[in-house]
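> Take this structure first; my questions come after.
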Amino acid sequence: MKRRVFLQLAFAMVLQAGFTGCVKGTSIYPEPIKKTHRKPNVILIVSDDHGYADFSYKKIHDYIKTPNLDRFIAEGVQFTNGYATSPICNPSRCGILTGRQQQRWGTFWYGGKGIPENVPTIAEKFRTLGYSTAYIGKLHYGNYNEQPGLRSYPLEHGFDECLCAPPGGRTHYLYHSEDAVKRYGSAGEKMFVKPMTKNGEQLNYEGFLTEKFSSTAQDFISQNRDRPFFLQLAFNAVHNFTFQLPKKYLKKWNLPPYPDLVDGKNYNQWYEQSIWPNLVNGRMYYAAQLYYMDREIGKLLKQLKTLGLDNDTIIVYTSDNGGSTCNCGDNTPLRGTKYTMYEGGIRVPYVMRWPGKIPVGTKQDAMVSGLDIMPTLLAAASGAHELYSDCDGVNILPLAMGQIKTVRNILHWDGGWQWAIRQGRWKLKTIVDKKRAVQVRKLQHTEPGKGIELYDLLADPGEKNNLAKQHPDIVQKLTTLHQQWRRIIGDSHLLNSK
């Protein structure tokens, strides 16, 4: 009883200070869930640039077809205020994999340092629990340092098996082979057609990558049906270039083929014509890619039922950041897109499903983060707080189960040249480097904003009314809180360790 009172008092002090989510070891939860006869299987599905509006159940666009994700959402809990740790993939994926703020080791924007040697990953923690682990899909944790033998390659941070696309932010949907490299010539580097790797060895593959990732994931599940497993499935869908679809699927969607880059010297010109607003049929290419990713997720869900594993498997679905203008994603009713600190850049689809444990068809409006995925899944597997006490994220399983109503009152984002903070209903975002904002505005066809902006998200979720001038006291308060957070992050022992 004394310990519980102490923890409650400690949490109250943390809330008052405004640092919830970055103070290590803080717990506000009921007793850990009781263990079942077997540890649950765990699947983490991370899509790429999935727009907040782009689900068919939302009935915003009749051409968006996501029946399997719709059913998945209806069978679990949807976190309507689920956030990525960054509006771009590289930093965000680091946060998911480690449960820690990626800024602690200097990863604010592209070109980060990957996964530090002394930061344990979710896979390494699951392996200590006796789980089989596999990573299947796109890699992008740092400055192209995801090569076999290096820390950011899955086999070097806790995964027993992996099938990985070539390192980098983009992944070709159809071609990954030495033959493709020869065929593309000077354009090959820009088209990301290098061979994949499987368990550290080169793999030549030409075919629809979404289906390859799915079938490999299903093989792993089948092979590990009799022991607990952790699977991270990272689709490259629906990242650009979504027009890279098999001919039979283009025909089915009545879409014309679109040419890849031919000459590497003309990349900038080709790229500009291959993204919004210049790409004809861009939105429909995107919808088709989303449909086929959804179809493969449906196959995986069906397999779990066929093998009798459905009730013993907890699944999380999320995206690495908000939908991208370039990819023709839609974030309605949110403002902004990938690359920006508006809600459309950082608020993402975030769903958890665990039959018999998590109430079906529920919504939670409390703020949750990609940082919370690691501690939550580890808590589901073992209930041992010490297993994730070093995380910046928190265990949101009690929230998913409806046992509590909130887990934090504050979240921070920092990309170096722009930052944001949300405390309760208030959201402050600031552009620090105007030149970087101009570059994003020009190259990515999105508006990152200007100067200081303050929004009341409860009254104005679309961030239409900047209240910074009306509430200078709130601007100052949130600015001070973020500066304090930056000092904590910057003083982290991780930055000074080998």
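> Is there any pair with a first residue in the range 348-361 that is closer than 15 Å to Thr313 by Cα and a second that is among the hydroxyl-bearing types (Ser, Thr, Tyr) whose Cβ atoms are under 6 Å apart and which are 6 or more apart or on different chains, and what are they?
Close Cβ pairs (under 6 Å, with a partner that is among the hydroxyl-bearing types (Ser, Thr, Tyr)) amount to Val351/Tyr317.
> Tyr339: part of a loop (DSSP other than H, G, I, E, B), among the aromatic types (Phe, Trp, Tyr) and more than 30 Å from Phe229 (Cα to Cα), yes or no?
yes
> Restricting to the range 387-421, count the residues that are free of Cβ contacts under 8 Å to residues at least 60 places away in the same chain and either polar (S, T, N, Q) or touching a His at 6+ places or on another chain (Cβ under 9 Å) (or both).
Here the count works out to 1.
> A follow-up question, please. What single numbered condition from (1) among the hydrophobic types (A, V, I, L, M, F, W, C); (2) assigned to a helix (DSSP H, G or I); (3) touching a strand residue (DSSP E or B) at 6+ places or on another chain (Cβ under 8 Å) fails to hold for Ala187?
The failed condition is (3).
> Glu463 versus (1) crowded, with 19+ Cβ neighbours inside 10 Å; (2) at negative phi: which is the lone unmet condition?
(2) is the only condition that Glu463 fails.
> Of all the residues that make up the range 336-363, how many are in contact with a Lys or Arg (Cβ under 7 Å, 6 or more places away or on another chain) and either over 24 Å from Leu139 (Cα atoms) or charged (D, E, K, R) (or both)?
2
> Within the range 176-192, can you find the residues that are crowded, with 21+ Cβ neighbours inside 10 Å and without any contact (Cβ under 8 Å) to a residue 24 or more places away in the chain?
none
> Going residue by residue through the range 442-456, is there one that turns out to be without any contact (Cβ under 8 Å) to a residue 24 or more places away in the chain and at positive phi?
Taking every residue of the range 442-456 in turn, at least one turns out to be without any contact (Cβ under 8 Å) to a residue 24 or more places away in the chain and at positive phi.
> Check off (1) basic (Lys, Arg); (2) touching an Asp or Glu at 6+ places or on another chain (Cβ under 6 Å); (3) buried (at least 19 other Cβ atoms within 10 Å of the Cβ) for Arg151 and give me the number that stays unchecked.
Single failed check for Arg151: (3).
> While we're looking at this one, here's another question. Checking Ile315 against (1) crowded, with 24+ Cβ neighbours inside 10 Å; (2) touching a strand residue (DSSP E or B) at 6+ places or on another chain (Cβ under 9 Å); (3) in a loop (DSSP other than H, G, I, E, B); (4) not basic (Lys, Arg): exactly one of these is not met. Which one?
Going through (1) crowded, with 24+ Cβ neighbours inside 10 Å; (2) touching a strand residue (DSSP E or B) at 6+ places or on another chain (Cβ under 9 Å); (3) in a loop (DSSP other than H, G, I, E, B); (4) not basic (Lys, Arg) one by one, Ile315 breaks only (3).
> In addition: Checking Asp54 against (1) of a type in the set (Asp, Glu); (2) in contact with a strand residue (DSSP E or B) (Cβ under 9 Å, 6 or more places away or on another chain); (3) part of a loop (DSSP other than H, G, I, E, B), only one condition comes out false. Which one?
So the condition that Asp54 fails would be (2).
> Every residue in the range 155-175 that is free of Cβ contacts under 8 Å to residues at least 60 places away in the same chain and either under 18 Å from the mean Cα position of the chain (by Cα) or within 20 Å of Arg93 (Cβ to Cβ) (or both), please.
Scanning the range 155-175 gives Leu155, Glu156, Gly158, Asp160, Glu161, Cys162, Leu163, Cys164, Pro166, Pro167, Gly168.
> So Ala380 passes all but one of these: (1) closer than 20 Å to Arg100 by Cα; (2) crowded, with 24+ Cβ neighbours inside 10 Å. Which condition number does it fail?
Condition not satisfied by Ala380: (2).
> Can you find even one residue in the range 384-391 that is within 29 Å of Leu478 (Cβ to Cβ), of a type in the set (Ser, Thr, Tyr), buried (at least 22 other Cβ atoms within 10 Å of the Cβ) and modelled with pLDDT under 95?
Scanning the range 384-391, I find at least one residue that is within 29 Å of Leu478 (Cβ to Cβ), of a type in the set (Ser, Thr, Tyr), buried (at least 22 other Cβ atoms within 10 Å of the Cβ) and modelled with pLDDT under 95, so the answer is yes.
> Another question, if that's okay. Which condition does Thr362 not pass, out of (1) among the hydroxyl-bearing types (Ser, Thr, Tyr); (2) surrounded by 23 or more Cβ atoms within 10 Å (Cβ to Cβ); (3) over 26 Å from Ala123 (Cα atoms), if it passes all the others?
(2)
> Now for a different question. Just give me the residues in the range 167-180 being of a type outside the set (Phe, Trp, Tyr), within 19 Å of Gln289 (Cβ to Cβ) and either modelled with pLDDT under 95 or in contact with a strand residue (DSSP E or B) (Cβ under 9 Å, 6 or more places away or on another chain) (or both), in sequence order.
Gly168, Gly169, Arg170, Thr171, Leu174, His176 - these are the residues of the range 167-180 that are of a type outside the set (Phe, Trp, Tyr), within 19 Å of Gln289 (Cβ to Cβ) and either modelled with pLDDT under 95 or in contact with a strand residue (DSSP E or B) (Cβ under 9 Å, 6 or more places away or on another chain) (or both).
> Let me ask something else. Pairs, please: C-beta under 8 Å, at least 6 apart or cross-chain, first residue touching a residue at least 60 places away in the same chain (Cβ under 8 Å) and in the range 299-311, second among the hydroxyl-bearing types (Ser, Thr, Tyr) and not in a helix (DSSP H, G or I)?
Leu304/Thr313
> What's the total number of residues in the range 330-354 that are among the charged types (D, E, K, R) and either within 19 Å of Ala420 (Cα to Cα) or not assigned by TED's automatic domain parsing to the domain that holds Thr318 (or both)?
Adding up the residues that qualify gives 4.
> If you don't mind, another one. Inside the range 193-280, counting only helices (runs of 4 or more DSSP H) that do not spill past its ends, which hold 2 or more residues that are in contact (Cβ under 8 Å) with a residue 40 or more places away in the chain, in the same structural domain as Phe159 (by TED's automatic domain parsing) and under 23 Å from the mean Cα position of the chain (by Cα)?
209-223
> Within the range 61-111, count every residue that is touching a Ser or Thr at 6+ places or on another chain (Cβ under 6 Å), in a loop (DSSP other than H, G, I, E, B) and among the aliphatic types (A, V, I, L, M).
2
> Just checking, does the range 41-49 include any residue being within 19 Å of Tyr153 (Cβ to Cβ) and β-branched (Val, Ile, Thr)?
The answer is yes; a qualifying residue exists.
> Follow-up question, since we're still on this one. Quick test for you: out of Gly416, Gly462, Gly449, pick the one residue that is of a type in the set (Gly, Ala, Ser) and over 27 Å from Gln483 (Cβ atoms).
After applying the criteria, what remains is Gly462.
The values are calculated or read from the model by the stated rules, or taken from the named source; none is laboratory data. Keep in mind that this is a model prediction, so the values were computed, not measured. Using ideal geometry, Cβ is built from the backbone for each residue, glycine included, and neighbour counts are taken over all protein chains shown.
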